[in-house]
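Undergrad: Have a look at this one before I ask anything.
Where a number appears in this text, it was derived from the coordinates with a stated rule and is not lab data. From a predicted model like this one, the values you see are computed outputs, not experimental measurements. Heads up, the Cβs are rebuilt from the backbone with ideal geometry, glycines too, and the neighbour counts pull from every protein chain shown.
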Amino acid sequence: MILLNDEIISKENASINIEDRGYQFGDGVYEVIRIYDGCFFELEGHFERLVRSAKEIHIDLPFDQATFTKKVNELVERNNVSNGHLYMQVSRGVAPRNHPFPSKAEPVVVAYTKEYESNETPPPGKAMFTEDIRWLRCDIKSLNLLGNVLAKEESKKQGFDEAIFHRGEIVTEGSSTNVFMVKDSVLYTHPANQFILDGITRRAILRAAEDSGITTVEKAFSKSQLLESDEVFISSTTQEVRPIIEVSGNQIGSGTMGDVTALLQKEFKKRLPKADS
């Protein structure tokens, strides 16, 4: 079953108009929300970010938080999802193809769920550097992901698990993740500005670090600083807290998951929802 606008229907009966601006322009926004034990993780945070992204591109969401919460929970229940994620996108709507915003288009909402075979965090991975030549509003979770897709595909072709973007010498984020490094037990990550997407998992990690007494600095760092760091990890809704032990052929630290990363993995897991919570 999927959610199409305000109806939950079978996937086979769903259709999207060829003149939907999400299809023709990537004119819309989206969220991916993790499900643990049948419960959403940080649902309110995802909704708030969806509202913000929509506002930044001048889309008025066709639902409020209460309706959003009711519909996505109903979809998870109808699909009997225990562990997985929900994908939702909102496009500007259907209108004859023309660059300016249409005056009468109504937003189109699509959401579906995916069940996971396992909730295990991915093992330590390897990444490569790639120049960040995307647009300058990476803080908007828009449907325009071609730059990210090309970077991810290139990293896959070269045998890496992620592409780490940099603008000049400054590291920004991964193609589908946020990037953290640890030096002398201090946690560093790029500040949440227009150059990165402020990940919901990123926020949870920063709270976990604060609660654990880890000194955290939200400040841009360079490629060389990352390569000289003691630990590197990436974070996302689907990968949680994943250690990176090599970047562009350079070993990070000891080449194994570091103590701070291991602690944050553990603390993050403690914050995951359970059905009886």
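Undergrad: Could you size up the charge dipole of the stretch 125-270 around its Cα centre, putting +1 on the beta carbon of Lys and Arg and -1 on that of Asp and Glu, and report it in debye to the nearest 20? Before the final figure, lay out the partial values.
TA: Values: 18 positive and 21 negative charges, 85 e Å.
In total the dipole reaches around 400 debye.
Undergrad: Let me ask something else. Taking the C-alpha atoms of the stretch 172-277, how large are the radius of gyration and the largest Cα-Cα span, Dmax, in Å?
TA: Using the Cα atoms of the stretch 172-277, the pair Rg, Dmax is 13.2, 46 Å.
Undergrad: Let me ask something else. Between the DSSP loop rule and a limit of at most 15 other Cβ atoms within 10 Å, which GluC sites (Glu not before Pro) in the stretch 216-277 are left? Numbers along the way, then the final one.
TA: Details: sites: E218, E228, E231, E240, E246, E267; in loops: E228.
For GluC sites (Glu not before Pro) across the stretch 216-277 that sit outside H, G, I, E and B with at most 15 neighbouring Cβ atoms in 10 Å, the list reads E228.
Undergrad: Let me ask something else. Helix 259-270 versus the longest principal axis of the chain: what angle, 0 to 90°, nearest 10, using Cα atoms?
TA: Around 30 degrees separate the two axes.
Undergrad: While we're on this one: Before anything else, pin down the relative contact order of the stretch 1-142: Cα pairs under 8 Å, at least 6 apart, normalised by residue count, whole percent.
TA: On the way: 211 pairs, mean separation 48.0, N = 142.
It rounds to 34 percent for the stretch 1-142.
Undergrad: While we're here: Under the rule of -39500 (n - 2.57) per DSSP H run of 4 or more residues, summed and divided by the residues of the chain, what mean residue ellipticity at 222 nm is obtained, to the nearest 500 deg cm²/dmol? Don't jump to the answer; show the numbers that get you there.
TA: Working: 7 runs with 75 residues, N = 277.
One gets -8000 deg cm²/dmol as the mean residue ellipticity at 222 nm.
Undergrad: When only C-alpha pairs under 8 Å and at least 6 residues apart count, what is the relative contact order of the chain, in percent?
TA: Values: 542 pairs, mean separation 51.1, N = 277.
Dividing the mean separation by the residue count of the chain yields 18 percent.
Undergrad: Put a dot 7 Å past each Cα toward the Cβ at D64 and E169; how far apart are the dots in nm?
TA: About 5.2 nm separates the two model spin labels.
Undergrad: Within 10 Å of each residue's Cβ, count the other Cβ atoms and sort K114, K71 from fewest upward. Before the final figure, lay out the partial values.
TA: Numbers: K114 14, K71 19.
By the 10 Å Cβ count, ascending, the order reads K114, K71.
Undergrad: Now for a separate question. Give the separation of the Cα centroids, the stretch 107-169 to the stretch 6-64, in Å.
TA: Cα centres, the stretch 107-169 to the stretch 6-64: 18 Å.
Undergrad: Right, another one. Decide, for the stretch 210-253, between rounded, prolate and oblate: order the square roots of the alpha carbon gyration tensor eigenvalues as a ≥ b ≥ c, take rounded if a/c falls under 1.5, and otherwise choose prolate if a/b is larger than b/c, else oblate.
TA: Numbers: a/c = 1.91, a/b = 1.25, b/c = 1.53.
Because a/c hits 1.5 or more and a/b fails to exceed b/c, the stretch 210-253 counts as oblate.
Undergrad: Can you compute 3J(HN,Hα) from phi for each residue in the stretch 149-155, using the Karplus curve 6.51 cos²θ - 1.76 cosθ + 1.60 with θ = phi - 60°, rounded to whole Hz and x for Gly and Pro?
TA: 4, 5, 5, 4, 5, 5, 5
Undergrad: Let me ask something additional. For labels at D184 and T238 in the simple 7 Å Cα→Cβ model, what's the distance in nm?
TA: 3.8
Undergrad: Also, I was wondering about something else. Fewest Cβ neighbours within 10 Å first, please rank H190, H166 accordingly.
TA: Values: H190 22, H166 17.
Starting with the residue having the fewest Cβ neighbours, the order is H166, H190.
Undergrad: Let me check I've understood the local charge: for L143, count other residues with C-beta under 12 angstrom from its C-beta, Lys and Arg +1, Asp and Glu -1. What total comes out? Mind dumping the intermediate values first?
TA: Working: positive: R21, R92, K141; negative: D20, D27, E31.
In short, 0.
Undergrad: Still on this structure, please answer the following. How would K219, K183 line up from fewest to most surrounding beta-carbon atoms within 10 angstrom?
TA: Values: K219 9, K183 17.
Least to most surrounded, the residues fall as K219, K183.
Undergrad: Angle between the Cα long axis of helix 65-79 and the longest principal axis of the chain, 0 to 90 degrees, nearest 10?
TA: It works out to around 90 degrees.
Undergrad: Also, quick follow-up: Which FRET efficiency, nearest 0.05, do H99 and V217 yield, Cβ-Cβ r, R0 30 Å? Kindly include the intermediate steps, with their values, before the conclusion.
TA: Details: r = 41 Å, r/R0 = 1.38.
It comes out at approximately 0.15.
Undergrad: Turning to a different aspect of this structure: For the chain, with the dipole built from +1 on Lys and Arg beta-carbon atoms and -1 on Asp and Glu ones, taken about the Cα centre, which of G213, L86, Y36 lies farthest toward the positive end?
TA: L86
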